[in-house]
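Read through the structure below, which is laid out as structure tokens, and then see the notes.
The values are calculated or read from the model by the stated rules, or taken from the named source; none is laboratory data. The structure displayed is predicted, hence computed values, not measured ones. Don't worry about glycine lacking a Cβ; one is built from the backbone with ideal geometry, like all the others, and counts go over all protein chains shown.
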Amino acid sequence: MRSSFGWSTDFNRKMVSEAFWSNEIESELREQKIVYGFSGRKINCAAVKQHIETVRTSKLYDHNCSMESTSGCQFLDMMDGLWKFGHKHCAMPVKKIVDIRHINLPQVCENQPTKNSKFCLPHHGPLKNLEQAMSKEEFKSYLAQKEAAVRVVSDNLFQDEMEENAGNALTSELNCNNKNVVAPWCRKRSGRKTKESWSRGIFVYVAACGTILSYSPIYKSESLSQVLVLTLEFLYKRMQLLANHLWSKYFLCYDNMCNLCRLKALKEPLNHVLPEGYDNMFNIINKIVDGLHMSNHRREDCHVLYNPNKFSDVHPEVSRNTMAAEQTFSWLGRYRKQVNSMNKTNQHLFLHRVIIRRNWYITQCMQNGQTPVVCSLRSREERFGFT
Ligand SMILES: [Zn+2]
Ligand SMILES: [Zn+2]
Ligand SMILES: [Zn+2]
């Protein structure tokens, strides 16, 4: 048997993995019509995976279920975090700067760590030199200082970014302000406790029909600053697919929408970060909280401003499915074991290929008038009157 490891008589794990990735890369290049010049003879190389990742993040997934009129997916998208997936990233704190005021992004280097190191290649080299120049204790305290600086920033993330007067009416505000606005049965895992740095999860955008539109990794904590930056990026791509006069009929659903809308950053004009015509899109679109999570919001204005029934008022002809994200997650979460054992590069390629197949399946079901198989969910929508 011939493989990239030479002639061999036995069939081993590495060969299966090599064949799997080579096939996925080949299919991806062919399906997406990507022209890529390989420098070596190996198809399964890090550079091509990086290239595929760059292409993926530059656009949304194709959405052509052709059932916009019945499922309402032309006007309704959901976003939420899926905390079951994570990958190791470089442990070096790196300050990230976005040109938006009051945005406090976690300080992480998103690169994949090199073999036998906590750090990525560009950070590993200089640290190795430092390690040699310093004594063992000095080096340890140097690293501890760096890590402590990161911890302080990520602990303060949530308070820093909220509006200054957010804590005025303390008792009523507190319920929406604290981090546990999501239902307890969501059982969010609060990160792993390992020596390596792990990403927190992925943030996913799903259309009402179940087509996945985009996803991005999230680091350190579910900070609303990160969510805002990702959402503006998503909306910019999404709004290009929707005529201007329809923007006011578009709905975005998120279980923590009230706190996202209260960010200080949104009180300032965004015309220096977004192209002309798109700087006000976040204010134009409708923002709602899904029925399942609405009962956790104690503040009265949440039930007025972000009531999911608003969607049915604007689009009475379609049935509202604000549960598409939860349904998608209960399916996608089943890949947890496989996905979490991969490094960052492989993880993104794997998820990307799984999502393409899922979107194809949803499209087929929709076009043939069948209901896609989704994992069952405990629905409390009806009990709380959000039908
Ligand atoms: Zn790094
Ligand atoms: Zn659709
Ligand atoms: Zn609320």
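Below is a table of values for the structure above.
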| read-out | value |
| --- | --- |
| Hits in the range 223-253 (condition: within 14 Å of the chain's Cα centre (by Cα) and of a type outside the set (Val, Ile, Thr)) | 223, 224, 225, 226, 228, 230, 232, 233, 234, 235 |
| Residue count for the range 60-84, restricted to those that are assigned to a loop (DSSP other than H, G, I, E, B) and within 14 Å of the chain's Cα centre (by Cα) | 4 |
| Among residues of the range 91-105, those that are over 19 Å from the mean Cα position of the chain (by Cα) and touching a residue at least 40 places away in the same chain (Cβ under 8 Å), counted | 7 |
| Residue in the range 85-104 that is within 16 Å of ligand 2 (Cβ to nearest atom), surrounded by 12 or more Cβ atoms within 10 Å (Cβ to Cβ), at positive phi and at pLDDT below 90 present | no |
| Filtered residue count, the range 21-40, keeping only those that are at pLDDT 90 or above, exposed (fewer than 13 other Cβ atoms within 10 Å of the Cβ) and not acidic (Asp, Glu) | 2 |
| Residue in the range 310-321 that is without any contact (Cβ under 8 Å) to a residue 40 or more places away in the chain and not small (Gly, Ala, Ser) present | yes |
| Among (1) away from ligand 2 (no atom under 16 Å from the Cβ); (2) surrounded by 15 or more Cβ atoms within 10 Å (Cβ to Cβ), the one test that residue 78 misses | (1) |
| Positions within the range 318-335 being touching a Gly at 6+ places or on another chain (Cβ under 8 Å) and either part of a helix (DSSP H, G or I) or not assigned by TED's automatic domain parsing to the domain that holds residue 350 (or both), in sequence order | 324, 327, 328 |
| Count - residues of the range 286-306 that are of a type in the set (Val, Ile, Thr) and either farther than 17 Å from residue 80 by Cβ or within 16 Å of ligand 1 (Cβ to nearest atom) (or both) | 1 |
| Pair list, Cβ under 7 Å, 6 or more apart: the range 113-135 residue more than 14 Å from residue 89 (Cβ to Cβ), other residue in a loop (DSSP other than H, G, I, E, B) and not β-branched (Val, Ile, Thr) | 127/119 |
| Test: residue in the range 349-362 that is touching a residue at least 24 places away in the same chain (Cβ under 8 Å), in a helix (DSSP H, G or I) and within 16 Å of ligand 3 (Cβ to nearest atom) | no |
| Selection count where residues are assigned to a loop (DSSP other than H, G, I, E, B), under 25 Å from residue 338 (Cα atoms) and in contact with a helix residue (DSSP H, G or I) (Cβ under 8 Å, 6 or more places away or on another chain), scope the range 15-53 | 3 |
| The range 278-298 residues that are more than 14 Å from residue 256 (Cα to Cα), paired with ones that are within 9 Å of ligand 3 (Cβ to nearest atom) and assigned to a loop (DSSP other than H, G, I, E, B) (beta carbon under 8 Å, 6 or more apart) | none |
| Residues of the range 312-323 satisfying the condition of being within 24 Å of the chain's Cα centre (by Cα) and either over 22 Å from residue 259 (Cβ atoms) or among the hydrophobic types (A, V, I, L, M, F, W, C) (or both) | 320, 321, 323 |
